[in-house]
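The values are calculated or read from the model by the stated rules, or taken from the named source; none is laboratory data. Since the structure is predicted, the reported quantities are computational estimates derived from the model, not experimental observations. A quick note on method: Cβ atoms are made from the backbone with ideal geometry, for glycine too, and the neighbour counts reach across all protein chains shown. The protein model used for the area step is the full one, side chains on, heavy atoms only, and it has no ligands, DNA or RNA in it. Shrake-Rupley method; radii C 1.70, N 1.55, O 1.52, S 1.80 Å.
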There are 2 protein chains.
Amino acid sequence: MTSIDISHCRELDHRDDLAHLRDEFVLPEGVTYLVGNSLGPMPRAVPERMQEVVTREWAQGLVGSWNDAGWFDQPLTLGDRLAPLVGAGPGQVVVCDTTSLNLFKVVGAALQLRPERRTIVAEAYGFPTDVYMLESMATWTGQHRLALIEQGGAQLDDLLDQGDVAAVVLNHVDYRTGDLLDMAAVTEKVHAAGALAIWDLCHSAGALEIDLPGCDVDFAIGCTYKYLNAGPGSPAYLYVAPRLQADAVQPLSGWHGHAAPFAFTTSYEPAAGISRFRTSSPSILSFPPLAASLDLFASVDMAAVRRKSQAMTDLFIALVDQELGDAVEVASPRDADRRGSQVALRHPHGYQVMRALIERGVQGDFRAPDLMRFGFTPLYLRYEDVWTCVATVREVLETETWRSQPEPSVTAAT
Amino acid sequence: MTSIDISHCRELDHRDDLAHLRDEFVLPEGVTYLVGNSLGPMPRAVPERMQEVVTREWAQGLVGSWNDAGWFDQPLTLGDRLAPLVGAGPGQVVVCDTTSLNLFKVVGAALQLRPERRTIVAEAYGFPTDVYMLESMATWTGQHRLALIEQGGAQLDDLLDQGDVAAVVLNHVDYRTGDLLDMAAVTEKVHAAGALAIWDLCHSAGALEIDLPGCDVDFAIGCTYKYLNAGPGSPAYLYVAPRLQADAVQPLSGWHGHAAPFAFTTSYEPAAGISRFRTSSPSILSFPPLAASLDLFASVDMAAVRRKSQAMTDLFIALVDQELGDAVEVASPRDADRRGSQVALRHPHGYQVMRALIERGVQGDFRAPDLMRFGFTPLYLRYEDVWTCVATVREVLETETWRSQPEPSVTAAT
């Protein structure tokens, strides 16, 4: 096999139909940004849109903008615009609150839909906040238990067989390794056992094609600050299957989810449709970047995005094999169809290696105890960036410059 | 008694020590804005700060800004800066989520602190979302009941006497009439009955002096988009008395409230102190306006703010009596010490009158069935604005131009 060189990578960029989109983002000089799976970069249109909302809608329109600028309905209008990214239609997605809070809502609704069942299943290795929220929910009702499954999924079958599972919460893509689950097959298994399937899309939506209705998913949640590039702490979203919307009632029943929010009645009556999953006043200033980002997504074919993502992660793994050999271990699936848009490399001193990479302008991140994560985001990254990353890892390992970096601390945000 | 004229109002403005602050806000030409008790206007510093956060912290700093720009700790650092407005010290206030969600958290914590008691008390006439959230919480645990009291408070004594009340949720200032409760006296009564006192400060904080520790309050919640001028849907806050912080555990237990959020452990352990009341990633772009607004508040004495507020509402009522006579009814307390920073006028066609006022540049709002609300915010309003408001109401009533306005609709946001 011929070795891959930088010219080959540049040639791939030359032929890339998505290459022009890089200009739609602002990226700092000298940075190879492989953390778009944690916080996406800023779409170029954001500052102007932000000023428009601040100086015209707020400063000039004042309280009237809740109607006149469409503020009150933005969780729904943005939800409709986001819906195609998860294969959904209008009235199936609402943009609101945070992923953790939305998980609490949809699991709460699922428990009410399966009143005779007492078990919630989640992944022990999933993003921790999901587990934390579910622990509290199980304690809170005093009637449920949380069963955690380990990686591999064998325990899921056993738990489902017991016939007591109300809801299963699954991460579509593993936040550490990038493992991609088969949404259709797992959902079918969950349904066969009479349980409801709740998917966390934080590490998949915006990076690959998703068809929630086609997979017959019950509920889904996700964030918008990773692959959707909507800014730090930008609002999350949730999906509810149309067949469940009339009966699903969620526990965080604030006035924005009321059937008549401005009637100011003294008793809660849930709105028809997805709006009942809202709680209270959304942060309007958190929405303009999402609107700008969704404009960009509206211009691309997600199948093309997925193809480039797989090509980039395939290229990365091939270059790791070629350039790094046994110095690191590829911790992500080598089969591109079982992988999200990220690749993790295992190294016993991964924390220090990552610090050294960041000093050299190659930004990935680290997950304890030994994983270096690299996110490959097709909208703004080049194949040449993949080359730069691997070449820099090689340099850091060969020169052992990582040894001068500090040891890891669990208290630092990464 | 000599009649009050516009020159007198202008003279009051001339002598007003807070008058210079009006220049720190952007107000549209030709608008007398009396809805600052619903959505405050934009502090002049906001656009520049917003651009700084967007173009420098996000676009250039990228994911590193969670540490480098202090994003991760902003709920705590902004909480410490907001604390003096409610009489609190460092580590007692956290800025996060929404008022409704924060109510759910603190009531959840209160119920855990009073496990032998089953009754939550709230005001039937309070802002409806409080009641909606509490209804759900009582249903959710399956072990609690929500008891609603009517205006006047006599029922509160009866309920407290029954010895089963865990928590009492009270609005410091009534959102419709501006009635101001005696926080110290009511809290003492609640405590004497063994219950916990939770105050909703949405319609008081930023308009008058508050001393939560001095009143021995247990928990408080509030928003920042009314008198605190932090923008549409800006983040809410909550207060927890230091004596309760070690034992208070809240139900929305996300990773940002964890003792070691970046250890990614599989079990929830609440952080020490107020941080355990956080849930998950805050919207960073919602914070710059609050920071700008708190800078302004840091420069004023809240006693002076309260004095001007009372002088303005006293002037308004005197002018209503003088100019409007029996054409309207003052629905707010005439004793300034029992009143927040707003005055409500009752008129059978209040909705239409308010529409006519807004067409003439005088913005108040309407609450069914017959209340016109006017907020008087000392930082940016002039005594002359009070004159303009009453003169315009008089014109609209005398000419009966309100009759050409549409009838009210409960579906419109106001």
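Given the criteria open to solvent by 10 Å² or more (accessible area, probe 1.4 Å), hydrophobic (A, V, I, L, M, F, W, C), under 23 Å from B:Phe264 (Cα atoms) and in contact (Cβ under 8 Å) with a residue 12 or more places away in the chain, does A:Phe366 qualify? Before you say what the answer is, go through the steps one by one.
Working: open to solvent by 10 Å² or more (accessible area, probe 1.4 Å): yes; hydrophobic (A, V, I, L, M, F, W, C): yes; under 23 Å from B:Phe264 (Cα atoms): yes; in contact (Cβ under 8 Å) with a residue 12 or more places away in the chain: yes.
Criteria met by A:Phe366.
Please tell me if A:Ala230 is within 14 Å of chain B (Cβ to nearest Cβ) and small (Gly, Ala, Ser). Criteria met by A:Ala230.
Yes or no: A:Glu323 farther than 30 Å from B:Tyr175 by Cα and charged (D, E, K, R)? In short, yes. Considering only residues in region A:240-272 that are without any contact (Cβ under 8 Å) to a residue 60 or more places away in the chain and β-branched (Val, Ile, Thr), the one that is nearest to B:Gly142 (Cα to Cα) turns out to be A:Thr266. Could you check, for region A:190-202, whether at least one of its residues is farther than 18 Å from A:Gly79 by Cβ, under 10 Å from the mean Cα position of the chain (by Cα) and within 14 Å of another protein chain (Cβ to nearest Cβ)? For region A:190-202, residues farther than 18 Å from A:Gly79 by Cβ, under 10 Å from the mean Cα position of the chain (by Cα) and within 14 Å of another protein chain (Cβ to nearest Cβ): absent. Note on region B:93-122: residues that are more than 10 Å from chain A (Cβ to nearest Cβ), part of a helix (DSSP H, G or I) and β-branched (Val, Ile, Thr) amount to 2. Applying a threshold of 9 Å to beta carbon distances and a minimum spacing of six or more residues, or different chains, the list of pairs starting in region A:1-12 at a residue that is open to solvent by 70 Å² or more (accessible area, probe 1.4 Å) and ending at one that is hydroxyl-bearing (Ser, Thr, Tyr) and assigned to a helix (DSSP H, G or I) reads A:His8/A:Tyr383; A:Arg10/A:Tyr383; A:Glu11/A:Tyr383. If the condition is being in contact with a helix residue (DSSP H, G or I) (Cβ under 7 Å, 6 or more places away or on another chain), open to solvent by 80 Å² or more (accessible area, probe 1.4 Å) and either assigned to a helix (DSSP H, G or I) or polar (S, T, N, Q) (or both), then region A:14-23 contributes no residue at all. For A:Gly36, indicate whether it is more than 13 Å from chain B (Cβ to nearest Cβ) and either touching a residue at least 40 places away in the same chain (Cβ under 8 Å) or of a type in the set (Gly, Ala, Ser) (or both). Answer is no for this residue. Can you find a residue that is under 29 Å from B:Pro333 (Cα atoms) and either open to solvent by 20 Å² or more (accessible area, probe 1.4 Å) or at pLDDT below 95 (or both) anywhere in region B:161-174? Within region B:161-174 (the criterion being under 29 Å from B:Pro333 (Cα atoms) and either open to solvent by 20 Å² or more (accessible area, probe 1.4 Å) or at pLDDT below 95 (or both)), the answer is yes, since at least one residue qualifies.
Within region A:15-25, is even one residue more than 10 Å from chain B (Cβ to nearest Cβ), farther than 15 Å from A:Tyr380 by Cα and at pLDDT 95 or above?
No.
Screening region A:129-140 for residues that are open to solvent by 10 Å² or more (accessible area, probe 1.4 Å) and facing chain B (nearest Cβ under 7 Å) and picking the one that is modelled with the lowest pLDDT gives A:Trp140. Within region B:261-271, being at pLDDT below 95 and small (Gly, Ala, Ser) holds for B:Ala263, B:Ser267.
Residues in region B:217-239 that are outside any loop (DSSP other than H, G, I, E, B) and either without any contact (Cβ under 8 Å) to a residue 60 or more places away in the chain or in contact with an Asp or Glu (Cβ under 8 Å, 6 or more places away or on another chain) (or both) were compared, and the one that is farthest from B:Ile284 (Cα to Cα) is B:Ala220. Summed over region A:377-410, residues that are among the hydroxyl-bearing types (Ser, Thr, Tyr), assigned to a helix (DSSP H, G or I) and open to solvent by less than 40 Å² (accessible area, probe 1.4 Å) total 2.
Given the criteria within 30 Å of B:Leu285 (Cβ to Cβ), within 21 Å of the chain's Cα centre (by Cα) and open to solvent by less than 20 Å² (accessible area, probe 1.4 Å), does A:Val121 qualify? So A:Val121 does not fit the description; no. Within region B:278-317, being of a type outside the set (Gly, Ala, Ser) and more than 18 Å from B:Gly40 (Cα to Cα) holds for B:Arg278, B:Thr279, B:Pro282, B:Ile284, B:Asp301, B:Arg307, B:Gln310, B:Asp314, B:Leu315, B:Phe316, B:Ile317.
All conditions in (1) more than 30 Å from B:Leu238 (Cα to Cα); (2) more than 9 Å from every other protein chain (Cβ to nearest Cβ); (3) out of contact with any Ser or Thr (no Cβ under 8 Å at 6 or more places or on another chain) hold for B:Val31, with the sole exception of (2).
Among the residues of region B:374-407, those that are acidic (Asp, Glu) and in contact (Cβ under 8 Å) with a residue 24 or more places away in the chain comprise B:Glu384, B:Asp385, B:Glu395, B:Glu407.
Beta carbons closer than 7 Å, at least 6 apart along the sequence or on distinct chains, pair a first residue in region B:44-68 that is surrounded by fewer than 15 Cβ atoms within 10 Å (Cβ to Cβ) with a second that is at pLDDT below 95 and of a type in the set (A, V, I, L, M) for B:Asn67/A:Ala412; B:Asn67/A:Ala413.
Would you call A:Ala138 part of a strand (DSSP E or B) and within 30 Å of B:Thr141 (Cβ to Cβ)? It is false that A:Ala138 is part of a strand (DSSP E or B) and within 30 Å of B:Thr141 (Cβ to Cβ). Among the residues of region B:54-92, write down those that are outside any helix (DSSP H, G or I), over 18 Å from A:Ser286 (Cα atoms) and facing chain A (nearest Cβ under 8 Å). Once the filter is applied, which keeps residues that are outside any helix (DSSP H, G or I), over 18 Å from A:Ser286 (Cα atoms) and facing chain A (nearest Cβ under 8 Å), region B:54-92 yields only B:Gln60. Checked against (1) touching a Leu at 6+ places or on another chain (Cβ under 7 Å); (2) hydroxyl-bearing (Ser, Thr, Tyr); (3) within 24 Å of B:Met137 (Cα to Cα), A:Ser234 passes all but a single condition, namely (3).
Kindly establish whether B:Val353 is within 23 Å of B:Asp174 (Cα to Cα) and surrounded by 20 or more Cβ atoms within 10 Å (Cβ to Cβ). For B:Val353, the condition - within 23 Å of B:Asp174 (Cα to Cα) and surrounded by 20 or more Cβ atoms within 10 Å (Cβ to Cβ) - is met. Could you pull out the residue among B:Gly214, B:Gly194 that is open to solvent by 10 Å² or more (accessible area, probe 1.4 Å), assigned to a loop (DSSP other than H, G, I, E, B), farther than 23 Å from B:Gln250 by Cα and not charged (D, E, K, R)? Answer to the check: B:Gly214. When region A:27-43 is examined, which residues are found to be under 17 Å from A:Tyr225 (Cα atoms) and open to solvent by less than 30 Å² (accessible area, probe 1.4 Å)? Listed by number, the residues that qualify are A:Tyr33, A:Leu34, A:Val35, A:Gly36, A:Asn37, A:Ser38, A:Leu39, A:Gly40, A:Pro41, A:Met42, A:Pro43.
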